[in-house]
1. Those residues that are farther than 22 Å from A:Lys219 by Cα and β-branched (Val, Ile, Thr), I need them from the stretch A:162-198; list them, please.
2. Among helices (runs of 4 or more DSSP H) lying entirely in the stretch A:572-630, which contain 3 or more residues that are touching a strand residue (DSSP E or B) at 6+ places or on another chain (Cβ under 8 Å), touching a residue at least 60 places away in the same chain (Cβ under 8 Å) and closer than 18 Å to A:Ala478 by Cβ?
3. Scan A:Ala290, A:Ala365, A:Ala250, A:Ala269 and give me the residue that is over 30 Å from B:Ala70 (Cβ atoms), under 45 Å from the mean Cα position of the chain (by Cα) and surrounded by 17 or more Cβ atoms within 10 Å (Cβ to Cβ).
4. Would you check which residues across the stretch A:308-347 are modelled with pLDDT under 85 and out of contact with any Lys or Arg (no Cβ under 8 Å at 6 or more places or on another chain) and list them?
5. Would you confirm whether any residue within the stretch A:437-446 is within 30 Å of A:Ala97 (Cα to Cα) and hydrophobic (A, V, I, L, M, F, W, C)?
6. Can you confirm whether A:Phe560 is modelled with pLDDT of 85 or more and either assigned by TED's automatic domain parsing to the domain that holds A:Pro209 or closer than 26 Å to A:Ser471 by Cβ (or both)?
7. Going through A:Arg65, A:Arg93 one at a time, which residue ends up being assigned by TED's automatic domain parsing to the domain that holds A:Val127, surrounded by fewer than 20 Cβ atoms within 10 Å (Cβ to Cβ) and more than 23 Å from the chain's Cα centre (by Cα)?
8. I'd like to check something: does the stretch A:299-306 contain any residue that is surrounded by 13 or more Cβ atoms within 10 Å (Cβ to Cβ), touching a residue at least 60 places away in the same chain (Cβ under 8 Å) and away from chain B (no Cβ under 14 Å)?
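The values are calculated or read from the model by the stated rules, or taken from the named source; none is laboratory data. What you are looking at is a predicted structure, and each value in this text was computed from that prediction instead of being measured. When we count neighbours, we look across all protein chains shown, and the Cβ atoms used for this are built from the backbone with ideal geometry, even at glycine.
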Amino acid sequence: MPRRVVVRVLVVLTLVLGWTYVAWRWSSSLNLAAWWIAVPLVVAETYSLIDVTLFGLTMWRARERPAPPPPAPGTTVDVLVTTYDEPVDLVMRTALAAQRIRHPHTTWVLDDGARPALRDAALAAGVGYVVRSPDWEGRPRHAKAGNLNNALLVTEGELVLVLDADQVPDPAILDRTVGYFDDPRVAIVQTPQVFDNVPVADPLGSQAPLFYGPIMQGKDGWNAAFFCGSNAVLRRDALMQLGLVGYVDASRAAVRRALRTARAVLARAAREAADPTVADALTTVRAAAARAQRRLDGGDPLGPVTYEFQRAVDAASGTLVDADVARMRADLEQIAELHDAHGTLTLDQSALTRLAARDWSPLGALEAVRDLLRAVDVDRHDEAQAVQPVATVSVTEDMATAMALHALGWRTVYHHETLAHGLAPEDLPTMLTQRLRWAQGTVQTMLRRNPWRVPGLTVGQRLMYSATMWSYLSGFAAVVYLVAPVLFLLFGVMPVTAWSVDFFARFVPFLVASQLLFLVVARGLTTWRGQQYALALFPVWIRACVTAAANVWWGRPLEFAVTRKDGRSSTVAWRRVLPQLVAMVVLVAAVPVGLARAALGLSAWSGTLVNVAWVGYDLVVLGVVVQALRYRGYRAAGRTEGER
Amino acid sequence: MGLDLDLELRDGRTAVLRLVGRLTMLGAGDVRAAVDRAVDAGHPLVVVDLAGVPFMDSSGLGVLVGGLRATRVAQGDLRIAGAGEQVRAVLELTSMDLVLRPYAHVDDALRGD
C-alpha cells in the first residue's frame, strides 16, 4: 500500500476512535459532583483531540515534491543576512558563506545594531552593508520585519534569500530553490532550519524534525506552507504587492478614524464660529465628511472618495479666502484714498488656489480640522515607510506575512532539503526566551489576524494556520493534565464517574491508533523531544498567551514579558523552570499517598493504578526540564560523551 | 496651539506687538484688538514681531492689512519684522510684501529703513 493510503487510513481510524471517546466522555462519564475538575479535564481532552484532528488533516495531504527545475538564467537574487546583536565573527561567517553561493547574487548584511566594526568587516569582504535610513528615527522600528523592509527599498533583485545571522548557507541553496519561481504564482520557498551545535540527545529540543518535515510537507499539500523567518527565498514583487495592499488598508482605516472624530468637532466649531462665513464653510466641510464616510462604508474605493472630499474642502477654503481677500481689498482701497499710494491687491487664480490649498487653508486654524486634512492626505506620516512589505503586526513577522500572501492568492513551497546550518541556543534561559517570543508572535498573529476572518484564504489554509495557532494553547490543558491525577491520588477526587471497562474500551484503542499514526508519520525521526517540550513548557505557553492578549487587547508592551537574555549564570536557570520543578515534586509525593489510600480501602485500585501511570507519564515528560538544566552547552556535552 | 500676544508701548508714538503661535482666524480678533488699543493709546506706529509665528493663512494676512488701515487712518503705520519662511511665502504670493515690507528685526522696522 502506498504510504499516503496508510497515513489516511490511520488518520480516519484515529479520528473516529478519538471522537467516539470524547463524545462518550461528554455524554456519559462526567462526575458532576466534582464538576470543577471534571469539566476542565473534558475540555482539555477535547482541546487535545481538536489538536490531533488538525494534525490528521495536515498529514492528509502531506507531499514530497519532485526536485525543482534549475534556476532560470538571469534571475537576480539578493541574499539578506539579518543581524541585531550577534558577534561580528558569527555574522561574517554567514556573510562569507553567502558570498560563495553559486547562483549569481548580491550579498547584504542588514545590521540593525549599526556597528562600525561589522560595517568595516562587511565592506572589506565586499559584502553590501545596510543600516536603517534616517526616516526610522523616532518611529516604530518593527524589529526584524522593519530591518527587512528597510533593506527591500535599498536592494532590487527579483528574489531575496533571507538568512538569520547564524544560518550558514550551502553554496547550492539557490540552485535548489530558485527553479520553483518559474511558476509565477509562487511567492515563498521555505527550507528547513537545522542546527549543528546540538548533541544527538538534543536536551533543549532545538531541532524540529517533525515540523521541518511531515508538518510543513502537510501544510504544503494545502498550499499553506509558511515563511519561518530564515532559510527562505521570497519574491520581491509579491512582498511589494503585500506592502501596497497593507498601505491601502492602513490608509483607509486612518481616513475613517479621522472622518469619524472630525464630524463632531466640525459641528461644534460651526456652532461656535463668530463669523457666519466661517460657520458656513465648516458646515460644508462637515457635510462632505459625512458623505465621504457614507461612501467608504458603502465600499467605495479610497481614491475617488478622498478626492471628492478634498475638492469640497478646497471649495470651502476658497470661500474663506475670497472673504479674506475682499476684506483686504476694501482695506487697501481706504489706505490708497488716504495716501494715494499703494494700489490694489492683484491676485491671479493660481495665487487664490494656493491660499486655499490644504496646507495653507484658513480652515486649518482648527486643530481638529488640520488633523483631518492631514489624515486624508494618506501618506502614513506616523510610519518610517508608507509601504511595509513584511508584515509588522507581530514580533514574529514570518507567519503573518505568509498568511497575507496566501490571502492574495500567492503560492508557497516547502522544499525538504537541508540547505543551511545554524546555531541553536546552548542554555535553558536563552532557549526559554526564544520559545516565548515565537509563542507570543503566533498568539499575536492569531488575535490580530484570525485566519477564519481573513478574506481570500481557502478552507484548507484556514485549517492549517489554525493548527499552528491552536497548538500554542496547550499550556492550559497541560495544567489540567498535571493537576487531575494529583487530586485523585491525594484526595480521591474523581473527574470521571469510573475508570471502568467502558473507559478503557474507548480510550485505549484511540491511544494506540494515534501513537501508530505518529509513528508512521515520523518515519523513525526522533520526535519524542518535541512531544515532551510541548507539554513541559506549559508555563511559557501560558505566559505567551496572557502577554500577547494583554498586548493586543490593552496595548501593554510585550517587553514586560521578554526576560533578559543571560545564559551566563546557570545558578538562576532553575528559577526559570520553577513551576515544572514544583509540579514534579508534587507528582512524586502524590504516588505514595495514593497507594496508601488504596491500601486502606479509601479509593479503588483501578483508579489508583490509572493515575499512578498517568503521573509516571507526566514525570517522564517533565523530566526533560532536568536534562535541560544539566546541559552545559555543546562543547561541554561533547567532552563528557564518554561518561554516558 | 493658540496665539500669544504681548503689546509693549514704547517711546514716542511707537508700539511693538509680539506674536507667538499660528496667525489664523482664531487669533485674528485679538490681534485687531491689540492694534486698536495701541492706536487709542496714542501709539499708532505699530511693529508686529512675527519671529514667533511659524504659519499664517489668508485670515492672518487679512488682519495685518486691517491693522495697516487702522494705523494709517491715525497717521501711523503698521510694519512687520522677523517674518519666517512660510509667512514670507504668503506675502510674496499675494505681492503684499510691497505693501507690508518685511523687516529683518524690530529695530529696523522702528527706524523704518
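1. A:Val168, A:Val198 - these are the residues of the stretch A:162-198 that are farther than 22 Å from A:Lys219 by Cα and β-branched (Val, Ile, Thr).
2. Answer list for the stretch A:572-630: none.
3. A:Ala250
4. If the condition is that a residue be modelled with pLDDT under 85 and out of contact with any Lys or Arg (no Cβ under 8 Å at 6 or more places or on another chain), then A:Ala336, A:Glu337, A:Asp340, A:Ala341, A:His342, A:Gly343, A:Thr346, A:Leu347 are the ones that fit.
5. yes
6. no
7. Among A:Arg65, A:Arg93, only A:Arg93 is assigned by TED's automatic domain parsing to the domain that holds A:Val127, surrounded by fewer than 20 Cβ atoms within 10 Å (Cβ to Cβ) and more than 23 Å from the chain's Cα centre (by Cα).
8. yes
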